[in-house]
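Got a structure for you, questions after.
The values are calculated or read from the model by the stated rules, or taken from the named source; none is laboratory data. Everything numeric in this text was worked out from a predicted model, so none of it was measured. Neighbour counts are summed over all protein chains in view; Cβ atoms, including those assigned to glycine, are modelled from backbone coordinates with ideal geometry. When the accessible area is computed, the model is the full protein with side chains, heavy atoms only, and any ligands, DNA or RNA have been set aside. Shrake-Rupley method; radii C 1.70, N 1.55, O 1.52, S 1.80 Å.
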Amino acid sequence: MSIETRLAALAQPSTIGILKNIARGIEKESLRVEPSGRMASTPHPQALGSALTHPSITTDYSEALLEFITAPSASIDDVLNELEEIHSYTYQHIDDELLWVSSMPCQLGDDSSIPVGQYGSSNSGKMKTVYRLGLGHRYGRLMQTIAGIHYNFSVPDELWLQLRALEGNQQSLQDFKTEGFFALIRNFRRYFWLLLYLLGAAPAVCASFVRGREHDLVPLGNDSHSLHLPYATSLRMGNLGYQSDAQSSLVVCYNDIEQYSRTLKGALETPYQPYEEIGLKDVKGNYQQLTTNLLQIENEFYSPIRPKRTAAAGETPLEALENHGIEYIEVRCVDLNPLLPNGIDKQTSQFLDTFLLFCLLKDSPRTNNDEYRQITENQRRTVARGRDPELELLDGDKQRNLMDWGLSLMAEIQPVAEILDQANSTDQYSTTAGLMTARLQDNSLTPAAQLIAEMTANNETYYGMAMRKAQEHREYFQSKVLTPETAEKYRRLAEESQLKQKHIEASDSLTFDDFIADYYQ
């Protein structure tokens, strides 16, 4: 069924209001750094609560890599306001430290100087730490200090019911939703190179990040401390970021839940000799990783988008998907934009919603290994050369100019923006789509180009630019005075999270060996 037919059905007066209930949530990572710009070596601040159990403030890989999590909401403003509140509260409790504003870190020492996240003495807490130790052994800790924004997206059941009725589909609602989300994911993977171009904000890195590694980066002007590629968009999404030789052979299928589950389970159960050589435990009997298989847990597989389901107690993420189907999707290819205090703004959120709804409503053929390879190659080309007006991408058996293909896609996306305008009584979605089209017509308007221009105009290094923006953002958040009620809410959440961690630790009954054995059973 065509996207035009689906849009026409949703545009009816009886159904248009459903689109107001699209929900999104944001998970935003930021490194804590010292005033010198070096990664903070201090533990996770006590006033921010337990990283194991706090619903809004946790850590990702490192003790120094904060992760802020908003509640899902049908209001973009509410999500961004909550993200701002979390920043402001955090800045009240990290003394003179700063939150690094870029996806790519700076001023890094060797791997051993990067502190792995600590989550207490419970089995579940120790498992999180051992998993991170394993990531460090497998890929190096440096890679794990890269920060990004994860964008969680869902549409209301009423929309799925309308689409199911329109198609005369007899599946259960949950099966229909899961199939629809996989169709979204397939289209997203086909076209997410467009997001790398439009939103990529990591065109340069600090020389310290690639010290001792092979790379093809070049100095930025006369600045040997800052390295870049002249047309790069998002180096975080390329071979300097979340890529690994081990996973390059792993082809995960997104055609349906059975194939997705089977291919991921295969990786979870496949021994991998280099990881066997690391060993499960060290000579003292301490765990170095959770398993010696290709993946320790499902989340180790890096993908720019993931199907998600909130897991019940005792369920693995994959079991939750198999048992209950997809609840929402998580987009993982959005860089922190150093020019924005939150790292993301309303226009970015509006465009992500529009793009994701387009991916959901557009017909989405099943995929195969050839297309999988093309998707990977288009990602690689856009990361390194996305702003090159001559860049060609692979589209089936032909090549297409990125700019031309992008403009063609924006023409298809525009009607989706218009229906979201109609639903929300605004013109902002169309205006935002127009701004994104302008970025395709003039690559100097992209965040990546703006960052390079700012560094050049100010004669700044990558480090200098990021530090200046970090100090500006700190002043911005410190000027935002939290209401007594809001400050009390976050103080209480911190206290409750610490009590919850203690309860989990007190209720453990298994040894860690038995706990891990049970998990993999």
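Being under 26 Å from Pro203 (Cα atoms) and acidic (Asp, Glu) narrows it down to one residue among Glu475, Glu496; which is it? Let's see the steps before the verdict.
Numbers: Glu496 fails: under 26 Å from Pro203 (Cα atoms).
None of the other options fit; the residue is Glu475.
So Asp175 clears everything in (1) closer than 22 Å to Thr367 by Cβ; (2) open to solvent by less than 60 Å² (accessible area, probe 1.4 Å); (3) among the charged types (D, E, K, R) except one condition, right? Which one?
It fails just one condition, (2).
While we're here: Ala438 versus (1) open to solvent by 40 Å² or more (accessible area, probe 1.4 Å); (2) without any contact (Cβ under 8 Å) to a residue 60 or more places away in the chain; (3) of a type outside the set (Asp, Glu): which is the lone unmet condition?
Ala438 satisfies every listed condition except (1).
Take the conditions within 13 Å of Met104 (Cβ to Cβ) and basic (Lys, Arg) and apply them to Arg262. Does it pass?
Here the answer is no, as Arg262 does not meet what is asked.
If Glu505 satisfies every condition in (1) of a type in the set (Asp, Glu); (2) surrounded by fewer than 15 Cβ atoms within 10 Å (Cβ to Cβ); (3) touching a residue at least 60 places away in the same chain (Cβ under 8 Å) but one, which is the exception?
If we test Glu505 against (1) of a type in the set (Asp, Glu); (2) surrounded by fewer than 15 Cβ atoms within 10 Å (Cβ to Cβ); (3) touching a residue at least 60 places away in the same chain (Cβ under 8 Å), just (2) comes out false.
Further question: Scan the stretch 277-303 and report the pairs whose first residue is at positive phi and whose second residue is of a type in the set (S, T, N, Q) and assigned to a loop (DSSP other than H, G, I, E, B), with Cβ atoms within less than 7 Å and a gap of 6+ or a chain change.
Hits for this filter: Gly279/Gln288.
Please give the number of the condition Leu159 fails out of (1) open to solvent by 10 Å² or more (accessible area, probe 1.4 Å); (2) assigned to a helix (DSSP H, G or I); (3) in contact (Cβ under 8 Å) with a residue 40 or more places away in the chain.
That leaves (1) as the condition not met.
Take the residues of the stretch 109-131 that are among the hydroxyl-bearing types (Ser, Thr, Tyr) and under 22 Å from Ile278 (Cα atoms): which is surrounded by the fewest Cβ atoms within 10 Å (Cβ to Cβ)?
Top of the filtered list is Ser112.
While we're looking at this one, here's another question. Out of all the residues in the stretch 36-58, which are surrounded by fewer than 22 Cβ atoms within 10 Å (Cβ to Cβ) and not in a loop (DSSP other than H, G, I, E, B)?
Gln46, Ala47
Here's another thing I want to ask about it. Just the residues that are of a type in the set (Val, Ile, Thr) and touching a Leu at 6+ places or on another chain (Cβ under 6 Å), please, taken from the stretch 195-241.
Val205, Thr233
Filter the stretch 18-35 down to residues that are open to solvent by 20 Å² or more (accessible area, probe 1.4 Å) and charged (D, E, K, R) and give me whichever is nearest to Asn424 (Cα to Cα).
Among them, the one singled out is Lys20.
Among (1) in contact with a Cys (Cβ under 6 Å, 6 or more places away or on another chain); (2) over 22 Å from Arg385 (Cα atoms), there is one condition Leu159 misses while meeting the rest; what is its number?
Answer for Leu159: the failing condition is (1).
Which members of the stretch 80-108 meet the condition of being assigned to a loop (DSSP other than H, G, I, E, B), in contact (Cβ under 8 Å) with a residue 40 or more places away in the chain and either more than 21 Å from Tyr490 (Cβ to Cβ) or of a type in the set (D, E, K, R) (or both)?
Answer for the stretch 80-108, where residues must be assigned to a loop (DSSP other than H, G, I, E, B), in contact (Cβ under 8 Å) with a residue 40 or more places away in the chain and either more than 21 Å from Tyr490 (Cβ to Cβ) or of a type in the set (D, E, K, R) (or both): Asp96, Glu97, Trp100, Val101, Ser102, Ser103, Met104, Pro105, Cys106, Gln107, Leu108.
Would you check which residues across the stretch 369-390 are buried (at least 21 other Cβ atoms within 10 Å of the Cβ) and assigned to a loop (DSSP other than H, G, I, E, B) and list them?
Result: Gly386, Arg387.
Hey, could you check the stretch 404-435 for residues that are small (Gly, Ala, Ser) and farther than 24 Å from Leu159 by Cα and say which is surrounded by the most Cβ atoms within 10 Å (Cβ to Cβ)? Spell out how you get there, then give the answer.
Narrowing the stretch 404-435 to residues small (Gly, Ala, Ser): 406, 408, 411, 417, 423, 425, 430, 433-434.
Then keep just the ones that are farther than 24 Å from Leu159 by Cα; that gives 406, 408, 434.
Working: Gly406: 25, Ser408: 12, Gly434: 13.
Residue satisfying both the conditions and the ranking: Gly406.
Name the pairs whose Cβ atoms lie under 7 Å apart, with the first residue in the stretch 373-385 and of a type in the set (Gly, Ala, Ser), the second not in a helix (DSSP H, G or I), and 6 or more positions between them or separate chains?
Ala384/Leu229; Ala384/Ala232; Ala384/Gly238
Name the pairs: first residue in the stretch 444-466 and of a type in the set (Lys, Arg), second residue open to solvent by 60 Å² or more (accessible area, probe 1.4 Å), Cβ to Cβ under 8 Å, at least 6 apart or on different chains?
Between residues of the stretch 444-466 that are of a type in the set (Lys, Arg) and residues that are open to solvent by 60 Å² or more (accessible area, probe 1.4 Å), there is no close pair.
May I ask you to verify whether Ser102 is in contact with a strand residue (DSSP E or B) (Cβ under 9 Å, 6 or more places away or on another chain), open to solvent by 20 Å² or more (accessible area, probe 1.4 Å) and modelled with pLDDT of 95 or more?
Taking the combined requirement at face value, the residue does not satisfy it.
I would also like to ask the following. If we scan the stretch 25-32, do we find a residue that is modelled with pLDDT of 95 or more, in a loop (DSSP other than H, G, I, E, B) and out of contact with any Pro (no Cβ under 6 Å at 6 or more places or on another chain)?
Within the stretch 25-32, none of the residues are modelled with pLDDT of 95 or more, in a loop (DSSP other than H, G, I, E, B) and out of contact with any Pro (no Cβ under 6 Å at 6 or more places or on another chain).
Conditions tested, residue by residue: (1) within 21 Å of Glu84 (Cβ to Cβ); (2) in contact with a strand residue (DSSP E or B) (Cβ under 9 Å, 6 or more places away or on another chain); (3) not hydroxyl-bearing (Ser, Thr, Tyr).
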residue	(1), (2), (3)
Glu418	no, no, yes
Tyr429	no, no, no
Ala449	no, no, yes
Thr456	no, yes, no
Ala466	yes, yes, yes
